[in-house]
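First the structure, in the form of structure tokens, and then the observations on it.
The values are calculated or read from the model by the stated rules, or taken from the named source; none is laboratory data. Owing to the predicted nature of the structure, the values given are computational and were not obtained by experimental measurement. Using ideal geometry, Cβ is built from the backbone for each residue, glycine included, and neighbour counts are taken over all protein chains shown. We work out accessible area using only protein heavy atoms, side chains counted, and drop any ligands, DNA or RNA first. Shrake-Rupley method; radii C 1.70, N 1.55, O 1.52, S 1.80 Å.
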Amino acid sequence: MPEQEPLLDIQQLDARYGAIQALRGVSLRVERGEIVTLIGANGAGKSTLLMSIFGDPRPSAGHIRYLGRDITGLPTHAIAKLGIAQAPEGRRIFPAMRVEENLLMGATPLGMQHIDTDLIKVFELFPRLKERRDQRAGTLSGGEQQMLAIGRALMSRPQLLLLDEPSLGLAPLVTQRIFAILGEIRATGTTIFLVEQNARQALKLAQRGYVLVNGAIRLSGSGEELLANPEVRQAYLGIRA
Amino acid sequence: MDWHILAQQLVNGLTLGSIYGLIAIGYTMVYGIIGMINFAHGDVYMVSAYLTAICLAVLFSCGIDSLPFALLATLVAAMLITAAYGWTIERIAYRPLRGSNRLAPLISAIGMSLVLQNGVQLSQGARTQGVPSLIPATLRFGDEETFVQITLVQVMIVVVSLASMALLHWLIGRTTLGRQCRATQQDRRMAAILGIDTDRIISTVFVIGAAMAAIAGVLVTLNYGSFDFYIGFVTGIKAFTAAVLGGIGSLPGAMLGGLILGLSEALFSGMVNTDYKDVFAFSLLVLVLIFRPTGLLGKPEVEKV
Ligand SMILES: Nc1ncnc2c1ncn2[C@@H]1O[C@H](COP(=O)(O)OP(=O)(O)OP(=O)(O)O)[C@@H](O)[C@H]1O
Ligand SMILES: [Mg+2]
């Protein structure tokens with residue numbers, strides 16, 4: 001049997017905002033069925049990497065392959081149709097829309113065929129959203145908005161789910177709940193690429209991780225390896241060596 | 001002040017306001033989705049007045065003698081061709097400037113407006129044109145001396161405008177396309193990440209706005225019978241005022257702003273002075289901008305990311 005190509009394969013990626021170079025030769029891989037995490041400090045370039053997978057900003061050099069196909073130059077909306085979904089930094093739910101409408105927006109790439117079954121699935125995962133389905137999304141709490149952002153991403157039945165700091169601004173209990181749900185999502189066969197500043201929890205959950213420093217990959221390894229790494233422990237876990 | 005003058009001005013104001021509301025929709029939807037004022041929109045409305053005259057002339061010269069059919073065909077043709085204008089304007093004048101500073105598309109919009117005005121002036125001539133009065137039917141209430149007069153065209157204007165607005169309201173509020181428009185308006189980048197072709201949605205909004213302006217153009221031409229290449233300017237600014245009054249970016253606001261502007265302008269004309277009605281309308285705009293810059297139904301501006 002030939003070795004399968006990785007689900008996501010990023011090679012030598014550069015991205016810039018005008019004069020600022022935000023990513024420098026980033027290479028990483030995500031295999032099917034994994035949870036892979038990317039940790040890094042503020043401004044390291046984590047969000048830029050997730051957004052550049054969606055072509056915005058468009059990489060200035062390097063390649064992004066998804067299921068073996070080079071998707072580097074594709075328009076943003078076309079990338080969504082390939083089976084990649086994102087719950088982005090800041091959640092970016094549509095505040096003036098009802099909760100259910102937000103979820104329906106997530107189903108855009110599938111053309112509304114499986115709406116009913118998929119809504120039920122998301123409501124099973126996040127019962128809170130079901131209670132609030134007719135409420136304006138802007139009135140949800142931070143944790144509920146994060147659930148909505150993840151639920152919305154799931155509505156496109158993605159093979160690859162990109163999450164940008166889902167724990168940001170949430171109480172520890174809510175964060176734990178969300179991380180537990182990420183495990184459930186992975187169990188249904190969805191691969192997860194998780195950007196986090198909450199390094200401890202992210203590395204515990206993930207099979208593998210990468211550390212991004214100043215736009216470049218500094219370290220990589222399994223979750224346990226990185227948790228044990230002195231540099232990670234000092235810089236991201238707050239433990240003095 | 002007699003009751004019949006008041007009632008007559010209310011009827012006229014409602015008619016005028018419906019027209020402002022229809023045109024205001026184009027300003028408010030385009031502003032809502034790309035944050036710019038499409039200054040060529042009034043001229044798109046002007047083009048539809050010419051199309052009305054041309055379509056009617058062609059249909060009658062082809063021997064069509066059913067008036068309802070001729071009107072319907074004219075409405076459909078004017079909407080389609082005007083919508084094509086709206087689509088093209090976005091394509092050539094605005095899309096290439098997307099992502100540039102705010103001033104560039106504004107200048108491009110004014111340029112587009114001049115192109116349309118001068119293009120029509122060159123191809124159709126500068127003089128005022130007209131269509132014959134096709135629907136003279138009139139309802140009168142009152143006696144010989146004091147009466148209120150409602151023409152059938154006025155009734156058509158109010159009915160067709162309200163029906164179009166209701167349809168649009170349903171389209172935006174209830175359909176998948178409408179949801180995609182709202183998503184693009186609220187967060188264009190996120191909408192694209194969810195798989196929405198936002199360029200297509202922006203084109204659609206220009207097409208809808210132009211088609212609504214075309215409905216207004218056909219109705220006004222049937223009502224007043226005369227027009228020239230310059231009508232888009234004053235009517236356009238009035239409709240823009242209506243959009244700001246109602247809260248630019250808000251669809252119900254455009255309709256409300258149109259009706260308020262039309263009614264108050266007509267009442268001002270009837271009770272105070274006709275010569276100063278434009279001054280009155282723009283004073284209203286200034287007052288709104290000073291005391292309630294977000295308009296009646298608008299939300300405070302949220303800086304786009
Ligand atoms: N739209 C933008 N325009 C200009 N510079 C930007 C833009 N977005 C990000 N940057 C810069 O690019 C660099 C990487 O930013 P990015 O948002 O990717 O970091 P991050 O790792 O996600 O940080 P955080 O943990 O704070 O979210 C930073 O220096 C940031 O200032
Ligand atoms: Mg970030």
(request) Please report the relative contact order for region B:3-238, taking Cα pairs under 8 Å with a sequence separation of at least 6, and give it as a percent rounded to a whole number. (result) 43
(message) Taking every DSSP beta bridge with both residues inside the protein assembly as shown, roughly what % is antiparallel (nearest 5)?
(response) 60
(request) Quick one: grab the alpha carbon gyration tensor of region B:1-117, order the square roots of its eigenvalues as a ≥ b ≥ c, and give me rounded if a/c is under 1.5, else prolate or oblate depending on whether a/b is larger than b/c. (result) oblate
(message) I need the shape label for region B:3-238. Rule: rounded when a/c is under 1.5, else prolate if a/b > b/c, else oblate, with a, b, c from the alpha carbon gyration tensor.
(response) prolate
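In Å², nearest 100, what accessible area do chains B and A bury in total when the solvent probe is 1.4 Å?
Working: alone 14900 and 11300 Å², together 24280 Å².
Between B and A, the summed buried area is about 1900 Å².
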(request) Could you pull out every residue, at least 5 positions away or on a different chain, whose amide H is within less than 5 Å of the one on B:L296? Hs are placed 1.01 Å off N in the peptide plane, and Pro or chain starts have none. (result) B:G246, B:G247
(message) Suppose a student asked you for the relative contact order of chain A, using Cα pairs under 8 Å spaced at least 6 residues apart; what percent would you report?
(response) 26
(request) Restrict the search to region B:102-173; then list the trypsin sites (Lys or Arg not before Pro) that DSSP places in a loop and that have at most 11 other Cβ atoms within 10 Å of their Cβ. (result) B:R102, B:R127
(request) Specify the residue with the greatest mean-square fluctuation among B:G270, B:G257, B:G247, computed from a Gaussian network of chain B linking alpha-carbon atoms under 10 Å apart. (result) B:G270
(request) Can you check what the net charge comes to around B:Q117, using other residues whose Cβ is under 11 Å from the Cβ of B:Q117 (Lys, Arg +1; Asp, Glu -1)? (result) -2
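For chain A, report the accessible area per residue in Å² (1.4 Å probe, heavy atoms, rounded to an integer). Can you show the working numbers first?
Values: 10380 Å² over 241 residues.
Result: 43 Å² of accessible area for each residue.
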(request) Mind telling me which of B:M156, B:M79, B:M112 comes out most flexible in a GNM of chain B, alpha-carbon contacts under 10 Å? (result) B:M156
(message) Taking the full set of protein chains and a 1.4 angstrom probe, give the accessible area of B:V58 in square angstrom, rounded to the nearest 10.
(response) 80
(request) Would you give the gap between the C-alpha center of region B:1-76 and the C-alpha center of region A:220-235, rounded to a whole Å? (result) 68
(request) For B:L122, put the label point 7 Å out on the Cα→Cβ axis and report which residues of region B:34-70 keep their amide N under 19 Å from it. (result) B:40, B:43-44, B:46-48, B:50-51
(message) If each DSSP helix of 4+ residues adds -39,500 (n - 2.57) and the sum is divided by the residues in chain A, what number results at 222 nm, nearest 500 deg cm²/dmol?
(response) -9500 deg cm²/dmol
(request) Specify the residue with the greatest mean-square fluctuation among B:S226, B:S61, B:S264, computed from a Gaussian network of chain B linking alpha-carbon atoms under 10 Å apart. (result) B:S61
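Can you give the mean number of other chain Cβ atoms that lie within 10 Å of the Cβ atoms in peptide B:193-204?
Values: counts 20, 17, 17, 6, 7, 3, 2, 1, 1, 0, 0, 0.
Going residue by residue through B:193-204 and averaging, the value is 6.
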(request) Compute the Cα gyration tensor for region A:141-182, then decide on rounded, prolate or oblate, letting a ≥ b ≥ c be the square roots of its eigenvalues: rounded whenever a/c is under 1.5, prolate when a/b is larger than b/c in the other cases, and oblate in all that remain. (result) prolate
(message) Please list, in order along region B:99-106, the HN-Hα scalar couplings obtained from phi with the Karplus expression 6.51 cos²θ - 1.76 cosθ + 1.60 (θ = phi - 60°), rounded to whole Hz, x for Gly and Pro.
(response) x, 8, 5, 6, 6, 4, x, 5
(request) Filter the GluC sites (Glu not before Pro) in region B:44-146 down to the DSSP loop ones having no more than 15 other Cβ atoms within 10 Å, then list what survives. (result) B:E144, B:E145
(request) Pop out the ³J(HN,Hα) list for region A:122-127 in order, Karplus 6.51 cos²θ - 1.76 cosθ + 1.60 with θ = phi - 60°, rounded to Hz; leave Gly and Pro as x. (result) 5, 5, 5, 5, 10, x
(request) For A:T37, list long-range residues whose amide hydrogen, built 1.01 Å from N in the peptide plane, is under 5 Å from its own amide hydrogen. (result) A:L194, A:R208, A:G209, A:Y210
(request) Could you calculate the FRET efficiency of A:A180 with B:L171 from 1/(1 + (r/R0)^6), where r is the beta carbon distance between them and R0 is 60 Å, rounded to 0.05? (result) 0.90
(message) Suppose only helical runs count, i.e. DSSP H with n ≥ 4. What mean residue ellipticity at 222 nm does that imply for chain B under -39500 (n - 2.57) per run, divided by all residues and rounded to the nearest 500 deg cm²/dmol?
(response) -24500 deg cm²/dmol
(request) Determine the share of region B:3-238's accessible area contributed by carbon and sulfur atoms, expressed in whole percent, with a 1.4 angstrom probe. (result) 68
(request) Would you mind pulling out the separation of the Cα centroids of region A:27-93 and region A:124-141, in Å? (result) 27
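For region B:3-238, with every protein chain kept in place, what is the accessible area per residue (1.4 Å probe, Å²)?
Details: 10140 Å² over 236 residues.
Accessible area per residue, region B:3-238: 43 Å².
Loop-only check: which GluC sites (Glu not before Pro) in region A:1-94 are DSSP coil with at most 10 other Cβ within 10 angstrom? List each step's numbers first, then the result.
Details: sites: A:E3, A:E31, A:E34, A:E89; in loops: A:E3, A:E31, A:E34, A:E89.
Filter output for region A:1-94: A:E3.
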(request) Would you kindly derive the ³J(HN,Hα) couplings of region A:45-58 from the backbone phi angles with the Karplus curve 6.51 cos²θ - 1.76 cosθ + 1.60 (θ = phi - 60°), listing them in order in whole Hz, with x for Gly and Pro? (result) x, 5, 5, 4, 5, 4, 5, 6, 4, 8, x, 8, x, 6
